[in-house]
């Protein structure tokens, strides 16, 4: 009897592994291809239009596009190789073990900080108070972007020192060598900076921005560029909540049940869900372009930018009319 139960349990685990394996792999490829294409198109639009030079919210979006590209190229590709093809370079090279997650965490922390700044800027731009609206300043935004990158780079210095490639029970593992620092990363960095804090901030300021936008007098005083960036910021906030919400809930569950005794089947299921949730959490880095495309003005800017890039057609270029042998050219 116990043999039959063991066989059925093994069969169920194998089916789950296959299901999550193909789901994670397909999702990873979709996010990677769609994200790379979308971020490249974002860069084209921002560079051609040039709004990021004078608008704080556009600057945050523009810088985030490059950060998102790095996350997809350095993070998603190695994750696809690890989960789909069992090729883990962090277990083969000590330098890559120390560098990969450290640099990815710097970009992750910077990205979520910029998303929060983007939400706060949208709130200020939509405020009924002219004094508050004036707080949205491109000069201050430049300092905040530089300060964000510098701060999180300094914050991650201990990681490059304490993360190492070690042999545990004859198996190579890329893990932290300091217990206190590992707990700090689990409880504060992953549960706080990557999930709870940004979700709380963008939810609060996103809600306040929507309330502001309901005021007709305010929307009439806003420029078309400001209304566009606010709508783009709100769409991006929704995407972060959509992709990061499940990962946050699962992270909280994992920490709460960390000391619970679990059988083999439950441990296997939780490992598979964790793997899928981590892949799913790459969604915010791949979805920004598609969120921005919900803005009609952005779609028009995209079409104009692509025509200018591919066909050399300039929307604002004036062609003089000349007469030669009775033919207009």
| request: Pull up the range 27-48, narrow it to residues that are closer than 21 Å to residue 121 by Cβ and either surrounded by fewer than 17 Cβ atoms within 10 Å (Cβ to Cβ) or touching a strand residue (DSSP E or B) at 6+ places or on another chain (Cβ under 7 Å) (or both), then point me to the one that is modelled with the highest pLDDT. | output: 43
| query | Somewhere in the range 280-290, is a residue under 21 Å from residue 110 (Cβ atoms), part of a loop (DSSP other than H, G, I, E, B) and modelled with pLDDT of 85 or more? | reply | yes
| task | Among the numbered conditions (1) at pLDDT 80 or above; (2) loosely packed, with under 15 Cβ neighbours inside 10 Å; (3) assigned to a strand (DSSP E or B), tell me where residue 165 comes up short. | result | (2)
| Which residue out of 188, 160 is in contact (Cβ under 8 Å) with a residue 60 or more places away in the chain, assigned to a helix (DSSP H, G or I) and either exposed (fewer than 15 other Cβ atoms within 10 Å of the Cβ) or out of contact with any strand residue (DSSP E or B) (no Cβ under 6 Å at 6 or more places or on another chain) (or both)? | 160
| field | Set 179, 171, 148: member being closer than 17 Å to residue 91 by Cα and either free of Cβ contacts under 8 Å to residues at least 60 places away in the same chain or in contact with a helix residue (DSSP H, G or I) (Cβ under 8 Å, 6 or more places away or on another chain) (or both) | value | 171
| message | Taking the conditions exactly as written (within 20 Å of residue 240 (Cβ to Cβ), part of a helix (DSSP H, G or I) and touching a residue at least 24 places away in the same chain (Cβ under 8 Å)), does residue 40 satisfy them or not? | response | no
| said: Looking at the range 14-24, can you tell me whether even one residue there is within 22 Å of the chain's Cα centre (by Cα) and within 30 Å of residue 166 (Cβ to Cβ)? | reply: yes
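Quick grid of which residues meet (1) surrounded by 19 or more Cβ atoms within 10 Å (Cβ to Cβ); (2) assigned to a helix (DSSP H, G or I); (3) modelled with pLDDT of 85 or more; (4) on the phi < 0 side of the Ramachandran plot:
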residue: 175; (1), (2), (3), (4): no, no, no, yes
residue: 182; (1), (2), (3), (4): no, yes, no, yes
residue: 194; (1), (2), (3), (4): yes, yes, yes, yes
residue: 197; (1), (2), (3), (4): no, yes, yes, yes
residue: 200; (1), (2), (3), (4): no, yes, yes, yes
residue: 203; (1), (2), (3), (4): no, yes, yes, yes
residue: 208; (1), (2), (3), (4): no, yes, yes, yes
residue: 217; (1), (2), (3), (4): no, yes, no, yes
residue: 238; (1), (2), (3), (4): no, yes, yes, yes
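Rundown of residues vs (1) under 15 Å from residue 284 (Cβ atoms); (2) at pLDDT below 95; (3) surrounded by fewer than 21 Cβ atoms within 10 Å (Cβ to Cβ), yes/no style:
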{"site": "57", "(1), (2), (3)": "no, yes, no"}
{"site": "61", "(1), (2), (3)": "yes, yes, no"}
{"site": "76", "(1), (2), (3)": "yes, yes, no"}
{"site": "82", "(1), (2), (3)": "no, yes, yes"}
{"site": "91", "(1), (2), (3)": "no, yes, yes"}
{"site": "99", "(1), (2), (3)": "no, yes, yes"}
{"site": "128", "(1), (2), (3)": "no, yes, yes"}
{"site": "134", "(1), (2), (3)": "no, yes, yes"}
{"site": "140", "(1), (2), (3)": "no, yes, yes"}
| query | With respect to residue 257, is the statement that it is modelled with pLDDT under 85, over 17 Å from the mean Cα position of the chain (by Cα) and surrounded by fewer than 19 Cβ atoms within 10 Å (Cβ to Cβ) true? | reply | no
| task | Would you confirm whether any residue within the range 294-302 is in contact with a helix residue (DSSP H, G or I) (Cβ under 7 Å, 6 or more places away or on another chain), modelled with pLDDT under 90 and not in a helix (DSSP H, G or I)? | result | yes
| request: From the list 89, 103, pick out the single residue that is closer than 28 Å to residue 200 by Cα and in contact with a helix residue (DSSP H, G or I) (Cβ under 8 Å, 6 or more places away or on another chain). | output: 103
| message | Return the pair list, or none, for Cβ contacts closer than 8 Å from residues in the range 101-122 that are within 15 Å of residue 192 (Cα to Cα) to residues that are outside any helix (DSSP H, G or I) and at pLDDT 90 or above, at least 6 apart or on different chains. | response | 105/156; 106/156; 109/156
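The values are calculated or read from the model by the stated rules, or taken from the named source; none is laboratory data. From a predicted model like this one, the values you see are computed outputs, not experimental measurements. Positions of Cβ are backbone-derived with ideal geometry, glycine not excepted, and every protein chain shown enters the neighbour counts.
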